[in-house]
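Some notes on the structure that comes next.
The values are calculated or read from the model by the stated rules, or taken from the named source; none is laboratory data. Quantities reported herein were computed from a predicted structural model and do not represent experimental measurements. Here the Cβ is made from the backbone with ideal geometry for all residues, glycine too, and neighbour counts use every protein chain on show. In case anyone asks, the SASA skips ligands and DNA or RNA and just uses the protein heavy atoms, side chains included. Shrake-Rupley method; radii C 1.70, N 1.55, O 1.52, S 1.80 Å.
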Amino acid sequence: MLVRLEVDGFKNLLGFAAEFGPFTCVAGPNGTGKSNVFDAIRFLSLLADHPLEAAARAVRGPSGGQTGPEELFWTDGRGRADSMRFAAEMLVPGEVEDDFGRPVRPSATLLRYTLELGLAPPAGPGDPGRLVLLHEALAHVNKGEAHRHLRFPHSAGRFREATVRNNRSGEAFISTEPGAAGPAVRVHGDGGHPGLLSPSPVQRAPATVVSVTTTSDRPTILAARREMQSWRRLSFEPGAMREDAGFSAPRALAENGARLPAALFRLAMHDPDGPEAAYDRLMQRVTPLAPVEAVRVERDDYRRLLRLEARVADGAWLPARALSDGTLRALGLGVAAAEGGAGLLCIEEPENGIHPSRLAALCDVLQSMAVDPHDPPGPENPLRQIIVNTHSPALVEMLPVSGVVLAESVEVQGPGGRAAHTVRLAVPDGSWRAGPAAPPLATAMSALRTPPGANLQLALRLD
């Protein structure tokens with residue numbers, strides 16, 4: 001569970017900081033940088049799983065495609081930031097499996113991970129340069145300080161006591177320290193014994209320490225890796241959702257909604273009550289969002305394909321390629337909710353394609369996907385976190401004030417001392433996020449609970 005994110009120098013984010021609870025809606029007009037916040041979260045997830053260069057290539061580029069490493073650094077067209085820094089405070093699972101399937105328990109579950117990346121100069125013409133690691137650290141948060149970091153409303157006795165553990169004192173699990181040839185990384189064991197300082201400077205590392213930790217000998221670092229690996233982004237593309245899935249396709253929903261038949265087939269086949277029960281439960285979430293009465297997955301054994309079909313309001317069974325964009329998006333949300341499990345889901349503009357009369361049901365579905373922080377996490381209450389972004393005033397006004405933040409473009413002093421525009425998150429008055437660090441824009445959302453259409457100022461700003 002990501003409880004705090006700090007970013008500086010990545011895309012348009014300068015001095016950015018945000019706190020997250022089980023459910024957060026980031027609202028704001030297009031172009032403010034809402035999606036860049038999601039990109040930063042996804043980049044950290046990729047860095048926990050891939051080498052630096054591979055992670056950089058996988059992040060969404062300015063046109064929606066892949067991007068080169070230099071394009072990840074803040075720029076105003078005249079200058080570019082020389083580094084980008086990240087900090088993530090997270091609540092990690094109390095038990096994880098290593099790459100050999102062995103269960104391990106971290107000695108601390110509330111952690112702060114910091115990372116700084118730079119850009120090596122080009123080696124020659126046409127070389128965009130490469131990412132270099134400048135700093136990496138992973139430290140624990142004392143259990144007695146947990147309430148200062150988990151500021152969202154929750155039960156101290158039932159939720160915090162069940163999730164926060166700390167048998168650690170002293171040094172961090174990962175630290176970056178001076179070395180003979182430059183800053184180097186030291187890894188400290190869970191027992192507190194310091195590891196050897198890396199003989200090579202940290203700038204030569206092709207990947208983060210977190211990403212190469214795969215076995216049970218570093219349980220807390222491994223738990224941080226598993227947590228970051230669970231941070232996913234959903235940005236549904238109906239074209240991808242209309243495609244059939246091959247028998248050998250991964251049976252989990254892709255970021256763009258592809259493999260929808262395979263994900264639904266897995267849910268149906270693994271349901272202890274049988275496929276029909278799985279389909280019925282899915283419909284309990286989907287029918288309030290779209291005019292769908294039933295769904296099924298058909299096998300094409302000749303072509304080795306799985307095909308999704310839905311029965312719509314007039315009783316006809318239609319293949320996915322004949323379904324509306326809104327119906328496909330509703331099915332994607334339903335499957336994402338049914339996949340369950342712990343982790344973070346960042347969902348891009350979930351209201352797209354959903355009829356305005358069904359937005360209240362959409363809000364219910366989205367909030368029901370998040371962990372209830374007043375009960376202990378478990379199979380029926382997975383430690384799952386939901387962050388959505390939107391530019392819909394109607395959706396914002398149907399959500400609790402405590403779950404909404406407003407993204408606005410503000411002017412700050414950028415690298416080089418010139419004025420620069422970046423994003424800040426304003427919080428509504430009375431929110432648990434409000435405090436001395438909240439931006440002065442907080443009053444802009446004070447009327448969120450007015451009847452739909454009455455908050456004209458907010459509507460104009462979000463449109």
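Data for the structure
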quantity: Wholly enclosed helices (runs of 4 or more DSSP H) of region 325-433 bearing at least 1 residues at pLDDT 95 or above and open to solvent by less than 10 Å² (accessible area, probe 1.4 Å); calculated: 325-339, 359-368
quantity: Tally of residues being modelled with pLDDT under 90 and either part of a strand (DSSP E or B) or touching a helix residue (DSSP H, G or I) at 6+ places or on another chain (Cβ under 6 Å) (or both) across region 63-79; calculated: 3
quantity: Selection from region 292-326 of residues that are closer than 15 Å to Asn256 by Cα and not small (Gly, Ala, Ser); calculated: Asp325
quantity: Checklist (1) in contact with a strand residue (DSSP E or B) (Cβ under 6 Å, 6 or more places away or on another chain); (2) without any contact (Cβ under 8 Å) to a residue 40 or more places away in the chain; (3) open to solvent by 20 Å² or more (accessible area, probe 1.4 Å) applied to Arg251, failing item; calculated: (1)
quantity: Tally of residues being open to solvent by 10 Å² or more (accessible area, probe 1.4 Å), in contact (Cβ under 8 Å) with a residue 12 or more places away in the chain, of a type in the set (Gly, Ala, Ser) and part of a helix (DSSP H, G or I) across region 291-324; calculated: 0
quantity: Contacts under 6 angstrom Cβ, first residue in region 1-14 being without any contact (Cβ under 8 Å) to a residue 40 or more places away in the chain and closer than 10 Å to Thr422 by Cα, partner open to solvent by 10 Å² or more (accessible area, probe 1.4 Å) and in a strand (DSSP E or B), 6 or more apart; calculated: none
quantity: Index of the failed condition, His188 passing every other in (1) buried (at least 19 other Cβ atoms within 10 Å of the Cβ); (2) out of contact with any helix residue (DSSP H, G or I) (no Cβ under 7 Å at 6 or more places or on another chain); (3) modelled with pLDDT of 90 or more; (4) over 25 Å from Ala54 (Cβ atoms); calculated: (3)
quantity: Qualifying residue in region 141-162 (condition: within 30 Å of His374 (Cβ to Cβ), of a type in the set (Lys, Arg), in contact with a helix residue (DSSP H, G or I) (Cβ under 9 Å, 6 or more places away or on another chain) and assigned to a loop (DSSP other than H, G, I, E, B)); calculated: no
quantity: Residue that is in a helix (DSSP H, G or I) and within 29 Å of Leu267 (Cα to Cα), where the choices are Ala254, Ala249, Ala224; calculated: Ala224
quantity: Residues that are closer than 30 Å to Gln203 by Cα and more than 24 Å from the chain's Cα centre (by Cα), drawn from region 158-180; calculated: Arg168, Ser169, Gly170, Glu171, Ala172, Ser175, Thr176, Glu177, Pro178, Gly179, Ala180
quantity: Leading residue by the ranking (modelled with the lowest pLDDT) among those in region 84-140 that are among the small types (Gly, Ala, Ser) and assigned to a strand (DSSP E or B); calculated: Ala120
quantity: Residue match in region 302-316 (condition: of a type in the set (Val, Ile, Thr) and over 28 Å from the mean Cα position of the chain (by Cα)); calculated: yes
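To keep it simple, each residue is scored yes or no on (1) over 18 Å from the mean Cα position of the chain (by Cα); (2) open to solvent by 30 Å² or more (accessible area, probe 1.4 Å); (3) not acidic (Asp, Glu).
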{"position": "Ala40", "(1), (2), (3)": "no, no, yes"}
{"position": "Leu46", "(1), (2), (3)": "no, no, yes"}
{"position": "Glu71", "(1), (2), (3)": "yes, yes, no"}
{"position": "Arg112", "(1), (2), (3)": "no, yes, yes"}
